[in-house]
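A short worksheet on the structure shown next.
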Amino acid sequence: MDVVKKIRCDIAVIGGGNAGLVAALEAKNRGAHVLIIEKAPQKARGGNSRHSEALFRVATEGTKDYLPLLEGAQLPKGEIEIEPYSKDDFYNKVIKLSEGLSNRTLTEIFVDRSLETVTWMKEQGLQWELNPLHVAKIGDKLLWSAGQIPLRALGSGEGLVEQLYGIVEKQNIEVMYETAARSLIMDAQGKVCGVVVSALEGLIQIDAKSVILACGGFQANPAWRRRYLGENWDLVKLRGTRYDTGDGLKMAIDMGAQLAGHWGGCHASVVSEDSPMIEAASGGSERYSYPYCIMVNREGERFVDEGEDLQVFTYAKFGKEIAKQPGGVAFQIFDAKAIPLLRSTYQNVEKVECGSLEELAEALDINVGKFLKTVAAYNAAIVNEDKPFLMYKRDDRRTRGLNPDKTNWAQKVDTPPYQAYAVVCGLTMTYGGLKANEKSQVIDTADRPIKGLYAVGEITGGFFYHNYPSGTGLVRGAVMGRIAGAEAFSFSRLSHQ
């Protein structure tokens, strides 16, 4: 293959999101000459990390573990209480939501090293803040209950990315923007020793002692979505970055890499019907206050338990359920009691508001008779309204006798005005990917590590199946990114002595 030029480095990192940047920093700190290849232009750099809320789920003993991370941060007024979230709780939640399928060794690694890793990120210069989305105000106390996520990077997703790039630039790590990896280079001994990339000036050959793939899954590839996720998945709104088209997966497969994980599964959350078709997360399109509503389809019927668990444990699977409904759309219905509970993303957006449920159904063009019957049955099925309504934890206010029942936060829909928000599925990331081991080495189809090739972040499979606990992807990427950076550096030294 003809190239316009050849360049050299110790470690080439393909992909400049959270996982890739952390891997690059770890390798650089150890003395490696690192080069980052970023497909996006500089203004859109950062992959899915840029479109995230930058939440990091961490196993801690509570408030005391967070205070060092928040040193220098502007804290809200009031007494701060963060409940403990043990390693066992974190680990067991990942395993439960995956229906027991997540790789237990890898899960244990990123859970055990979660606090250590966010502390390391703080030491590198990253600023953390308290997440205002999951706080409950109880008198003068600000409570983050167990399972909610107190920690996020200052400035949310864009803040996380720009802070990390600022650290990268201070470390004099070179970044090649608008550069797409095309093919890996393997030598006669079966070791990956570089990559050919397509830049604005043409094809460039990068000779490297090792390569770290951190370039995401295939959520932005409609043909692959249709092939692996199923019918009509090529039509859903893309919540994540437009640059994750499966290039890294294809390159690794060409080198004999083994695939792993849930190739028919994805992170599918709940977004506004009028959100953009591409990178919907960048527009504040999330509609995550559904635990306090009833959600119906065009037939006026409920189809999920809106109160199954905290939103952070259901949002990534409910989008898939919405996609199954007629027209791939659903409607979140709130009455006057619930409207004050809505998140800020519901303010100044498209909605329907009416003084009666019948008018609301007519305005939404849904089946009026079935909708009124659904609401009446729901209201009549609530069995324990005497229990206190608690936003911040499962409160056991439930219905009985419905299919499906609502098992928490059930209260009658009976007080006008009524508001409705149309919602659809928003695809964030895919779950299937490359098989990698505890050293982040890519494994081939004979179950052997491919020498010189590492993978981290959403390009790796085996971590998530069926569902996903919010804030886990970024901490998984950071933990495994540090491991990849250290291992790639050690391999580069040992193999070239």
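The values are calculated or read from the model by the stated rules, or taken from the named source; none is laboratory data. All values derive from a computational prediction rather than experimental measurement. Here Cβ is always computed from backbone atoms with ideal geometry, including for glycine, and neighbour counts include all displayed protein chains.
Things worth noting here:
- If you filter segment 217-254 down to residues that are under 18 Å from residue 316 (Cα atoms) and among the β-branched types (Val, Ile, Thr), you find that the one that is surrounded by the most Cβ atoms within 10 Å (Cβ to Cβ) is 241.
- Residue pairs whose Cβ atoms lie under 6 Å apart, separated by 6 or more positions or on different chains, with the first residue in segment 11-22 and more than 14 Å from residue 33 (Cα to Cα) and the second hydroxyl-bearing (Ser, Thr, Tyr), are 17/49; 18/49.
- Members of segment 425-451 found to be in a loop (DSSP other than H, G, I, E, B) and among the small types (Gly, Ala, Ser), listed by number: 432, 440, 446
- Of the residues examined, residue 428 is one that is modelled with pLDDT of 95 or more, touching a His at 6+ places or on another chain (Cβ under 8 Å) and polar (S, T, N, Q).
- Residue check for residue 99: within 19 Å of residue 481 (Cα to Cα), touching a strand residue (DSSP E or B) at 6+ places or on another chain (Cβ under 8 Å), surrounded by fewer than 18 Cβ atoms within 10 Å (Cβ to Cβ) and touching a residue at least 60 places away in the same chain (Cβ under 8 Å): no
- Residues that are in the same structural domain as residue 465 (by TED's automatic domain parsing), polar (S, T, N, Q) and out of contact with any Leu (no Cβ under 7 Å at 6 or more places or on another chain) do not occur anywhere in segment 288-300.
- Residues being touching an Asp or Glu at 6+ places or on another chain (Cβ under 7 Å) and either among the hydroxyl-bearing types (Ser, Thr, Tyr) or modelled with pLDDT under 95 (or both) - total across segment 279-323: 2
- Condition check for residue 187: farther than 21 Å from residue 244 by Cα, among the charged types (D, E, K, R) and touching a Gly at 6+ places or on another chain (Cβ under 8 Å): no
- Wholly within segment 87-170, helices (runs of 4 or more DSSP H) carrying at least 1 residues that are hydrophobic (A, V, I, L, M, F, W, C) and on the phi > 0 side of the Ramachandran plot: none
- Any chance residue 191 is surrounded by 23 or more Cβ atoms within 10 Å (Cβ to Cβ) and of a type in the set (D, E, K, R): no
- Any hit, segment 325-337, residues being within 30 Å of residue 89 (Cβ to Cβ) and out of contact with any helix residue (DSSP H, G or I) (no Cβ under 7 Å at 6 or more places or on another chain): no
- Residue 193 under 30 Å from residue 322 (Cα atoms), of a type outside the set (Phe, Trp, Tyr) and in the same structural domain as residue 107 (by TED's automatic domain parsing): no
Okay, residues lined up against (1) touching a strand residue (DSSP E or B) at 6+ places or on another chain (Cβ under 9 Å); (2) farther than 30 Å from residue 311 by Cα:
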site: 125; (1), (2): no, yes
site: 130; (1), (2): yes, no
site: 141; (1), (2): yes, no
site: 145; (1), (2): yes, no
site: 158; (1), (2): no, no
site: 163; (1), (2): yes, no
site: 170; (1), (2): no, yes
site: 181; (1), (2): yes, yes
site: 198; (1), (2): yes, yes
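- When residues of segment 170-188 are limited to those that are under 18 Å from residue 41 (Cβ atoms) and hydroxyl-bearing (Ser, Thr, Tyr), the one surrounded by the fewest Cβ atoms within 10 Å (Cβ to Cβ): 177
- Answer residue from segment 245-286, given it is touching a helix residue (DSSP H, G or I) at 6+ places or on another chain (Cβ under 7 Å) and part of a loop (DSSP other than H, G, I, E, B) and is nearest to residue 46 (Cα to Cα) among those: 246
- Filtered by the rule that a residue be over 24 Å from residue 414 (Cβ atoms) and touching a residue at least 40 places away in the same chain (Cβ under 8 Å), segment 315-343 gives 315, 316, 317, 318, 319, 320, 322, 323, 328, 329.
- The residues on offer are 62, 78, 46, 31, and the sole one that is out of contact with any strand residue (DSSP E or B) (no Cβ under 8 Å at 6 or more places or on another chain), over 25 Å from residue 248 (Cβ atoms) and either surrounded by fewer than 16 Cβ atoms within 10 Å (Cβ to Cβ) or of a type in the set (Gly, Ala, Ser) (or both) is 31.
- Listed by first and then second residue, the pairs linking a residue in segment 210-224 that is in the same structural domain as residue 196 (by TED's automatic domain parsing) and more than 23 Å from residue 27 (Cβ to Cβ) to a residue that is among the small types (Gly, Ala, Ser) and in a loop (DSSP other than H, G, I, E, B), with Cβ atoms under 6 Å apart and 6 or more places separating them unless they lie on different chains, are 218/246; 219/240; 221/246; 224/246.
- Considering only residues in segment 195-216 that are more than 29 Å from the chain's Cα centre (by Cα) and buried (at least 24 other Cβ atoms within 10 Å of the Cβ), the one that is nearest to residue 181 (Cα to Cα) turns out to be 206.
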